[in-house]
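Chemist: Sharing a structure with you now.
Readers should treat all values here as calculations from the given coordinates under stated rules, not as data from a laboratory. These numbers were taken from a predicted model, which means no experiment stands behind them. Please note: Cβ atoms are built from the backbone with ideal geometry, for glycine as well, and neighbour counts cover all protein chains shown.
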């Protein structure tokens, strides 16, 4: 168990993924200053109830630690920061004795699946992520730089969780999954669904087309 400052947000952070924040509230200026002084992370957790700015917020119980990698300090004391997700945690208690929220947390690592199963699940997911990026590029008419996807199954899973365009609540559902193989398979299903939807959007509309939306 350890205590870390918490930053409840309307976004979900995954390990290894970037986070860009504009810091203007005094409580979070204080929090970021402390993290910079100590070199310790802060925790990002999706808001369950409450608001992101100006008031209290109740976070979901699973979040991700973040280490600050870059700070731009503005003239009036506001800051633009970049942080990177490090590891998942589970909140066991909340403390309200500081200007910002503090959580008593414990690490919440993914359970490692059997090697043969994770390799098969990774291959299947990698193919769908690549297809998704290609179709998304076509749908948005924006060229995307599709670089080589990670070979490490856990890095691939978190990158896939970061890239897919889903509401925060659905991304939180991905973050809380405890089994590595389940996460890979859930992502594959989601990517297959999103690719199908995007491909449907790209089909030219013709009034006399028949069978586009088949019961099959």
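Chemist: So if each residue of separation counts as 0.36 nm, and I subtract the Cα-Cα distance between residue 178 and residue 196, what length gain in nm does that give?
Modeler: Stretched fully, the residue 178-residue 196 segment lengthens by 3.8 nm.
Chemist: Also, I was wondering about something else. Per DSSP H run of at least 4 residues, take -39500 (n - 2.57); add these up for the chain, divide by its residues and hand me the 222 nm value, nearest 500 deg cm²/dmol.
Modeler: Calculated at 222 nm, the ellipticity per residue is -12500 deg cm²/dmol.
Chemist: Could you state the orientation-averaged shadow area of the convex hull built on the Cα atoms of the chain, in nm² to one decimal?
Modeler: For the Cα atoms of the chain, the hull's average projected area reads 15.7 nm².
Chemist: Where both partners of a DSSP beta bridge lie in the chain, what percent of those bridges are antiparallel, to the nearest 5?
Modeler: 85
Chemist: Could you calculate the FRET efficiency of residue 3 with residue 119 from 1/(1 + (r/R0)^6), where r is the beta carbon distance between them and R0 is 30 Å, rounded to 0.05?
Modeler: Computed FRET efficiency for residue 3 and residue 119 comes out at 0.20.
Chemist: Turning to a different aspect of this structure: Along the Cα→Cβ direction, 7 angstrom out, place labels at residue 189 and residue 25. What is the inter-label distance in nm?
Modeler: 3.5
Chemist: Write down the percent of antiparallel bridges among all DSSP beta bridges whose residues are both part of segment 2-107, to the nearest 5.
Modeler: 90
Chemist: Going by the alpha-carbon gyration tensor, a ≥ b ≥ c the square roots of its eigenvalues, is segment 103-189 rounded (a/c under 1.5) or, if a/c is not under 1.5, prolate (a/b greater than b/c) versus oblate?
Modeler: It is oblate, given that a/c is not under 1.5 and a/b is not larger than b/c.
Chemist: Given an 8 Å cut-off on Cα distances and at least 6 residues of separation, report the relative contact order of the chain as a percent.
Modeler: 22
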